[in-house]
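Undergrad: Can you read through this structure? Questions will come right after.
The values are calculated or read from the model by the stated rules, or taken from the named source; none is laboratory data. Please read these numbers as outputs of a predicted model, since none were measured by experiment. Cβ atoms come from the backbone with ideal geometry, glycine included; neighbour counts cover every protein chain shown.
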Amino acid sequence: GKGQYDHFMLKEIHTQPTSLRKTIEGRVDLDSGSTDLDIESDLSEVETVHLVGCGTSYHAALFAACLLNRCGLSARAIRASEYDLTAGTPSNNTLFVAVTQSGETADTLSALRRANDVGLDTLAVTNVVQSTVAREADEPLYIRAGPEIGVAATKTFSSQAAMLTLLSQHLARVNQYASRVNNIEALLSDLTDLPDAVEGVLQSSNATRLAEKYLDENAYFFIGRGLGCSVAKEGALKFKEITYEHAEGFASGELKHGPLALVTDRTPVFAVCADDSSKTVTNAKEAQTRGAPIIAVSTSDHSIVDTADDHLSIPDMHPVCSNLLANVQLQLLSYYCATELGRAIDKPRNLAKSVTVE
Ligand code: F6R
């Protein structure tokens, strides 16, 4: 049941310290500074990684592709529905990673079958044990987030991102093409601290107050760079799904290439500054000059806080973790905006938990 919570979504947001602990449990060896993922496939010669999913799972794929690229590996996030037209002819050394909470999404399954047909190594990062995608991939990597009832994916995004982070560090260690400059120890150490940090954000968040303040606007923009770009996209998807308000998420730098035409004093801009973010500050200020309220999602001592109209605070951690914490703040924001508007939060109109048609 929902227990003390009004909705499954809120319960699942608050479950994240526990669900993240389960994702990570037994998979990190801090003493040796390495991952222990129990992967049988030999990934030492993988040259390219295709991360494929839909919706929120696609955003987790984007997050992971960014991280893998920073480890010196060539990685692409590809929308499952576009895989047939955009993947080209993958080389034999391509690893295909299906990212899907349910393991039953038709678009993702169809892309996986295509990858299997051309003989790629395939992994499934999924929540549902023995789901179709889990069975049809060479190996499943279970995120162990527990059942997710709310249609809007929350705890499973965090767990997918954490699982894919572990996979990226596994690849960085075993793969001959990966760069050795990646500081695995610091990342893994922060990742094991992430569940407690999520707890802290859940307890201290002022998202309720901001939801009341920014309730009646024309559109909501979410911007970020790198890992923060995937969080901005995910923040906007969650927002539109459950509030039914128009929201867009994109790379900070894109604001000036078109969306700025839509910016007014009725279009709040949420700026995710949890990574290399000085350019995001500049981009946010461009929107502010046109009257838009800026809500910084950043550490309290970040330079954007001086100019921002409001602030959602996150602790200073490795960018993988601080971006996931920014995402938690945005989950709360969406949830409280949707409750203020009286929306059907656990079952938003026109949406299904698992989409089994292409
Ligand atoms: C968003 C959401 C959807 C799913 C998408 C993929 O909150 O729930 O966008 O993420 O339909 O579903 P899975 O991950 O089951 O493949």
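Undergrad: Within the stretch 80-103, count every residue that is of a type in the set (D, E, K, R) and either without any contact (Cβ under 8 Å) to a residue 12 or more places away in the chain or within 14 Å of the ligand (Cβ to nearest atom) (or both). Walk me through it before giving the result.
TA: Here is the first cut: in the stretch 80-103, the ones of a type in the set (D, E, K, R) are 82, 84.
If we keep only those that are either without any contact (Cβ under 8 Å) to a residue 12 or more places away in the chain or within 14 Å of the ligand (Cβ to nearest atom) (or both) too, we end up with 82.
Adding up the residues that qualify gives 1.
The rows are residues; the columns are (1) free of Cβ contacts under 8 Å to residues at least 24 places away in the same chain; (2) more than 25 Å from Asn127 (Cβ to Cβ); (3) in contact with a Phe, Trp or Tyr (Cβ under 7 Å, 6 or more places away or on another chain); (4) not in a helix (DSSP H, G or I).
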position	(1), (2), (3), (4)
Arg266	no, yes, no, yes
Asp275	no, yes, no, yes
Thr282	yes, yes, no, no
His302	no, yes, no, yes
Gln331	no, no, no, no
Ser334	no, no, yes, no
Ala338	no, no, no, no
Lys347	no, no, no, yes
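Undergrad: Out of (1) in contact with an Asp or Glu (Cβ under 9 Å, 6 or more places away or on another chain); (2) modelled with pLDDT of 95 or more; (3) not in a helix (DSSP H, G or I), the odd one out for Ala60 is which?
TA: Against the list (1) in contact with an Asp or Glu (Cβ under 9 Å, 6 or more places away or on another chain); (2) modelled with pLDDT of 95 or more; (3) not in a helix (DSSP H, G or I), Ala60 comes up short only on (3).
Undergrad: So if I check each of Ala77, Ala106, which one is within 16 Å of the ligand (Cβ to nearest atom) and either buried (at least 23 other Cβ atoms within 10 Å of the Cβ) or within 15 Å of Phe157 (Cβ to Cβ) (or both)?
TA: Numbers: Ala106 fails: either buried (at least 23 other Cβ atoms within 10 Å of the Cβ) or within 15 Å of Phe157 (Cβ to Cβ) (or both).
Checking each option against the conditions leaves just Ala77.
Undergrad: Tally time: how many residues in the stretch 33-54 are part of a strand (DSSP E or B) and either hydrophobic (A, V, I, L, M, F, W, C) or away from the ligand (no atom under 16 Å from the Cβ) (or both)? Reasoning before the result, please.
TA: Going residue by residue through the stretch 33-54, those that are part of a strand (DSSP E or B) are 34-35, 48-53.
Of the ones still in play, those that are also either hydrophobic (A, V, I, L, M, F, W, C) or away from the ligand (no atom under 16 Å from the Cβ) (or both) are 34-35, 48-49, 51-52.
Total meeting the criteria: 6.
Undergrad: In addition: Please indicate, with yes or no, whether at least one residue in the stretch 276-283 is of a type in the set (A, V, I, L, M, F, W, C), buried (at least 20 other Cβ atoms within 10 Å of the Cβ), within 29 Å of Ala352 (Cα to Cα) and modelled with pLDDT of 95 or more. Talk me through it step by step, then tell me what you get.
TA: First, pick out the residues of the stretch 276-283 that are of a type in the set (A, V, I, L, M, F, W, C): 281.
Checking which are buried (at least 20 other Cβ atoms within 10 Å of the Cβ) leaves us with 281.
Next, only the ones that are within 29 Å of Ala352 (Cα to Cα) stay: none.
Among the residues of the stretch 276-283, not one is of a type in the set (A, V, I, L, M, F, W, C), buried (at least 20 other Cβ atoms within 10 Å of the Cβ), within 29 Å of Ala352 (Cα to Cα) and modelled with pLDDT of 95 or more, which makes the answer no.
Undergrad: A follow-up question, please. Take the stretch 151-181 and flag every residue that is in a loop (DSSP other than H, G, I, E, B) and either more than 16 Å from Asn69 (Cα to Cα) or without any contact (Cβ under 8 Å) to a residue 60 or more places away in the chain (or both).
TA: Here is the first cut: in the stretch 151-181, the ones in a loop (DSSP other than H, G, I, E, B) are 151-154, 175-181.
Residues satisfying the conditions are Val151, Ala152, Ala153, Thr154, Arg180.
Undergrad: Can you tell me which residues in the stretch 12-53 are touching a strand residue (DSSP E or B) at 6+ places or on another chain (Cβ under 8 Å) and among the acidic types (Asp, Glu)?
TA: Those that are touching a strand residue (DSSP E or B) at 6+ places or on another chain (Cβ under 8 Å) and among the acidic types (Asp, Glu): Asp29, Asp36, Glu40, Glu47.
Undergrad: Just give me the residues in the stretch 126-150 being within 12 Å of the ligand (Cβ to nearest atom), in contact (Cβ under 8 Å) with a residue 60 or more places away in the chain and crowded, with 16+ Cβ neighbours inside 10 Å, in sequence order.
TA: The answer is Ile143, Ala145, Glu148, Gly150.
Undergrad: Can I ask one more? Please find, among Arg135, Arg144, the residue that is within 27 Å of Gly26 (Cβ to Cβ) and in a loop (DSSP other than H, G, I, E, B).
TA: On the way: Arg135 fails: in a loop (DSSP other than H, G, I, E, B).
After ruling out the rest, the residue left standing is Arg144.
Undergrad: Take the stretch 5-34 and flag every residue that is among the polar types (S, T, N, Q) and at pLDDT below 95.
TA: At the first step, the residues of the stretch 5-34 found to be among the polar types (S, T, N, Q) are 15-16, 18-19, 23, 32, 34.
Scanning the stretch 5-34 gives Ser32, Ser34.
Undergrad: Output the number of the condition that Leu215 fails; it satisfies all remaining conditions of (1) closer than 18 Å to Thr267 by Cα; (2) part of a helix (DSSP H, G or I); (3) of a type in the set (A, V, I, L, M).
TA: Evaluating Leu215 over (1) closer than 18 Å to Thr267 by Cα; (2) part of a helix (DSSP H, G or I); (3) of a type in the set (A, V, I, L, M) leaves (2) as the failure.
Undergrad: Out of the residues in the stretch 175-192 that are surrounded by 15 or more Cβ atoms within 10 Å (Cβ to Cβ) and not hydroxyl-bearing (Ser, Thr, Tyr), state the one that is nearest to Thr299 (Cα to Cα).
TA: Filtering the stretch 175-192 down to residues surrounded by 15 or more Cβ atoms within 10 Å (Cβ to Cβ) leaves 175, 177-178, 182, 184, 187-192.
Restricting the remaining residues to those that are not hydroxyl-bearing (Ser, Thr, Tyr) gives 175, 178, 182, 184, 187-188, 190-191.
Values: Asn175: 34, Ala178: 31, Asn182: 23, Ile184: 23, Leu187: 18, Leu188: 20, Asp190: 16, Leu191: 17 Å.
Among them, the one singled out is Asp190.
Undergrad: Same structure, new question: On the basis of being surrounded by fewer than 20 Cβ atoms within 10 Å (Cβ to Cβ) and either of a type outside the set (S, T, N, Q) or in contact with a Lys or Arg (Cβ under 9 Å, 6 or more places away or on another chain) (or both), does Pro268 make the cut? Steps first, answer last, please.
TA: Details: surrounded by fewer than 20 Cβ atoms within 10 Å (Cβ to Cβ): no; either of a type outside the set (S, T, N, Q) or in contact with a Lys or Arg (Cβ under 9 Å, 6 or more places away or on another chain) (or both): yes.
Criteria not met by Pro268.
Undergrad: Output the residues belonging to the stretch 109-119 that are away from the ligand (no atom under 15 Å from the Cβ) and touching an Asp or Glu at 6+ places or on another chain (Cβ under 9 Å).
TA: Step one: list which residues in the stretch 109-119 are away from the ligand (no atom under 15 Å from the Cβ), which gives 114-119.
The answer is Arg114, Ala115, Asn116.
Undergrad: Do we find a residue being under 17 Å from the mean Cα position of the chain (by Cα), over 20 Å from Glu185 (Cβ atoms) and surrounded by fewer than 21 Cβ atoms within 10 Å (Cβ to Cβ) anywhere in the stretch 16-27?
TA: Scanning the stretch 16-27, I find at least one residue that is under 17 Å from the mean Cα position of the chain (by Cα), over 20 Å from Glu185 (Cβ atoms) and surrounded by fewer than 21 Cβ atoms within 10 Å (Cβ to Cβ), so the answer is yes.
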